[in-house]
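So the structure is just underneath, and the comments pick up after that.
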Ligand code: SF4
């Protein structure tokens, strides 16, 4: 069910996650036409939808702010423009070229922060996280260019996660809980908590058209899925569901965004994640597991928390390629699958059945076994 809209207020609005907006800069500013925004706000009110507004660096005329105030909303604002905003619920985005700004933030800064972190700065990640963690209510990390990570990058990220583990553990043990989407969320999650673009939210571009998410608009303005007059028209919408994502369905990296934009870009299939996305999410999941194991023995609040099982793979696709019995906890994970008819099957039979849903993966499997 659609719960909210993401509205791109300016062609130069900030990104807030994995995609890039190539027009993001003050000089490219071109605000959404006032009448279009008016129509979107009316549409949201008529359909009881919240709005997440994506701002650019340049300020908007006062009449826009009055219109925005009519809807239930969250403002997502680039760090360079944040001074204009007194709204307590506004979320700051620190973009890849604004890391120095992160270092200069006041200690009493209490907003939520989205940190869009470039691959080239990976060795500094724990340092920046340590700096920000006590300056915000919640820190959301978006690693940029995940699809270009190689084994060396994975090693660096793993080392950074080990350092961040120490920072979080110290923080919890000294009585300060911290919220980090990539580690602490998984401590509490018992089911998938994905982005759900196209399912629970849609994006409206400055042209008034619907898109699956802002990334699809920024990459190709012709990829719209309808507009406010003709309605929403998502082809093969069922592919967006977890039920139709055979790899993700057997995965328990519940905090993973399962980003359909990156899926489409890297595997050409909206419901199939790339190896890199899976590995990164599993490093994070495994860090959460270690943290939960430790905290549940030391802090009462974690005593009843469901433990995160130990697994010996970093990409659920490895299960597909494995020989029967090669991996630990496969049966346990499959027994959590909601579809009871599959429970009668062996691991191998089940995985082959899942693979039959996806021609591309099946071809890959065949080529590996020749
Ligand atoms: S699908 Fe979701 S996580 Fe991925 S780029 Fe779009 S909004 Fe961000």
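Would you call residue 219 more than 15 Å from the chain's Cα centre (by Cα), surrounded by 14 or more Cβ atoms within 10 Å (Cβ to Cβ), within 13 Å of the ligand (Cβ to nearest atom) and closer than 26 Å to residue 20 by Cβ? Outline the logic, then answer.
Working: more than 15 Å from the chain's Cα centre (by Cα): yes; surrounded by 14 or more Cβ atoms within 10 Å (Cβ to Cβ): yes; within 13 Å of the ligand (Cβ to nearest atom): yes; closer than 26 Å to residue 20 by Cβ: yes.
Against the criterion (more than 15 Å from the chain's Cα centre (by Cα), surrounded by 14 or more Cβ atoms within 10 Å (Cβ to Cβ), within 13 Å of the ligand (Cβ to nearest atom) and closer than 26 Å to residue 20 by Cβ), residue 219 qualifies.
Scanning the range 242-264 for residues that are more than 14 Å from the ligand (Cβ to nearest atom) and over 18 Å from residue 189 (Cα atoms) gives 243, 244, 246, 247.
Name the residue, out of 32, 76, 51, that is over 24 Å from the mean Cα position of the chain (by Cα) and modelled with pLDDT of 95 or more. Even if it seems obvious, please write down each step before you answer.
On the way: 76 fails: over 24 Å from the mean Cα position of the chain (by Cα); 51 fails: over 24 Å from the mean Cα position of the chain (by Cα).
Matching residue, one of 32, 76, 51: 32.
State yes or no: is residue 20 surrounded by fewer than 18 Cβ atoms within 10 Å (Cβ to Cβ), under 18 Å from the mean Cα position of the chain (by Cα) and within 16 Å of the ligand (Cβ to nearest atom)? Taking the combined requirement at face value, the residue satisfies it.
Have a look at 166, 185 and point out the one that is touching a residue at least 24 places away in the same chain (Cβ under 8 Å) and not in a strand (DSSP E or B). Walk me through how you get there before you give the answer.
Values: 166 fails: touching a residue at least 24 places away in the same chain (Cβ under 8 Å).
The match here is 185.
In the set 45, 54, 2, only one residue is within 23 Å of residue 212 (Cα to Cα), out of contact with any helix residue (DSSP H, G or I) (no Cβ under 9 Å at 6 or more places or on another chain) and within 16 Å of the ligand (Cβ to nearest atom); that residue is 2.
Out of the residues in the range 206-215 that are in a loop (DSSP other than H, G, I, E, B) and surrounded by 18 or more Cβ atoms within 10 Å (Cβ to Cβ), which is nearest to the ligand (Cβ to nearest atom)?
So in the range 206-215, the residues in a loop (DSSP other than H, G, I, E, B) come out as 206-208, 212-213.
From the residues that got through so far, the ones that are surrounded by 18 or more Cβ atoms within 10 Å (Cβ to Cβ) too are 206, 208, 212-213.
Values: 206: 17, 208: 19, 212: 7, 213: 3 Å.
The qualifying residue nearest to the ligand (Cβ to nearest atom) is 213.
Within the range 188-205, the only residue that satisfies the criterion of being in a loop (DSSP other than H, G, I, E, B) and more than 18 Å from the chain's Cα centre (by Cα) is 205.
The values are calculated or read from the model by the stated rules, or taken from the named source; none is laboratory data. Quick caveat: nothing in here was measured; it's all calculated off a predicted structure. When we count neighbours, we look across all protein chains shown, and the Cβ atoms used for this are built from the backbone with ideal geometry, even at glycine.
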